[in-house]
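Participant: If you scroll down you'll find the structure; I have some questions about it.
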Amino acid sequence: MGTVVFEGSLGGRKVAVKRLLKEFFTFAEREVSLLLESDEHPNVVRYYAKEEDNDFVYLALTYCKCSLGDFVQERFRDAGSVAQVDAIAIQLMFDIAAGIAHIHKLKIVHRDIKPQNILIDVNGRARISDMGLAKKFQGDNFSYSIGNAGSAGWQAPEIIMRAKSPQSAPELTPAVDIFALGCIFFYVTTGEHPFGDKMDRDANILAGHR
């Protein structure tokens, strides 16, 4: 959606500056409100400030050195294709699970968990980011039937089913994030997606085939 991230400074603090096109202001507003609500958790990106001009909205966020996708690709490029269930992988998985558990406790479903939306900060800690597609629930209800947010290859089968046949698909719940979390765990430890090549993933997810 025309989003670019820059390195910046705010009050002497090094920050990431996320620039969004003004036409996607709704996503920026949603992200700000949900980041504020989930603020102060070490495994969620922190929001500091917002500015805007005629064309763009700028968000100042926690400075991170790379995405989980970049980190894992580099790690397996250096070490080969051998699975790495070591202290680094275990800590990353713990961080990611803790971040998701935190937003779920606040009745927020992320709806777009994937390696590009998990960042690694300067201390090597994983942080959940990019809440523009997240959904906040009120009261006791914690399911929804409208909206098929997410990225191809990382969506739960019920999301894919809803896109194909909305009338017969089940209600969507926080389980959509847990499905993506399982895929992330496999990716962190093996460097590969559990459901194969990009072109085949959705079909394999629906069929339950690896």
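The values are calculated or read from the model by the stated rules, or taken from the named source; none is laboratory data. If you're wondering where the values come from, they're calculated on a predicted model, not measured in any experiment. Heads up, the Cβs are rebuilt from the backbone with ideal geometry, glycines too, and the neighbour counts pull from every protein chain shown. For accessibility, only protein heavy atoms count, side chains too; no ligands or nucleic acids. Shrake-Rupley method; radii C 1.70, N 1.55, O 1.52, S 1.80 Å.
Participant: For the range 1-110, what % of the accessible area comes from carbon and sulfur atoms, probe 1.4 Å?
Facilitator: The computed percentage sits at 54.
Participant: Convex hull over the alpha-carbon atoms of the range 1-140: what's its volume per residue in Å³?
Facilitator: Per-residue hull volume (Cα only) is 124 Å³.
Participant: Another question, if that's okay. Using the crude model of +1 on Lys and Arg Cβ and -1 on Asp and Glu Cβ, and no other charge, please compute the dipole size for the range 1-127 relative to its Cα centre, in debye to 20.
Facilitator: Computed charge dipole of the range 1-127: roughly 240 debye.
Participant: Something else about it: Give me the number: length gained by fully extending K22 to V4, i.e. 0.36 nm times residue separation minus the C-alpha to C-alpha distance, one decimal in nm.
Facilitator: 5.2 nm
Participant: Right, next: Can you tell me which aspartates and glutamates have their Cα less than 18 Å from the Cα of K135? Leave out same-chain residues fewer than eight positions away.
Facilitator: Correct list for K135: E29, E31, E37, D39, D112, E158, E171, D177.
Participant: Roughly what % of Cα-Cα distances in the range 1-63 sit above 13 Å, to the whole percent?
Facilitator: Percent of Cα pairs beyond 13 Å in the range 1-63: 60.
Participant: A further question on this structure: List every residue whose amide H lies under 5 Å from the amide H of L10, counting only residues 5 or more places away in sequence or on a different chain, with H placed 1.01 Å from N in the peptide plane.
Facilitator: Hits under the 5 Å cutoff: V15.
Participant: With every protein chain left in place, what is the accessible area per residue of the chain in square angstrom, probe 1.4 Å?
Facilitator: 51
Participant: Counting only complete DSSP H runs, which helices of the chain cover 24 Å or more along their long axis at the Cα atoms and score a mean Kyte-Doolittle of 0.0 or above?
Facilitator: 87-105
Participant: Using a Förster radius of 30 Å, what is the FRET efficiency between A101 and D53 based on their Cβ-Cβ separation? Nearest 0.05, please.
Facilitator: According to the calculation, E is roughly 0.20.
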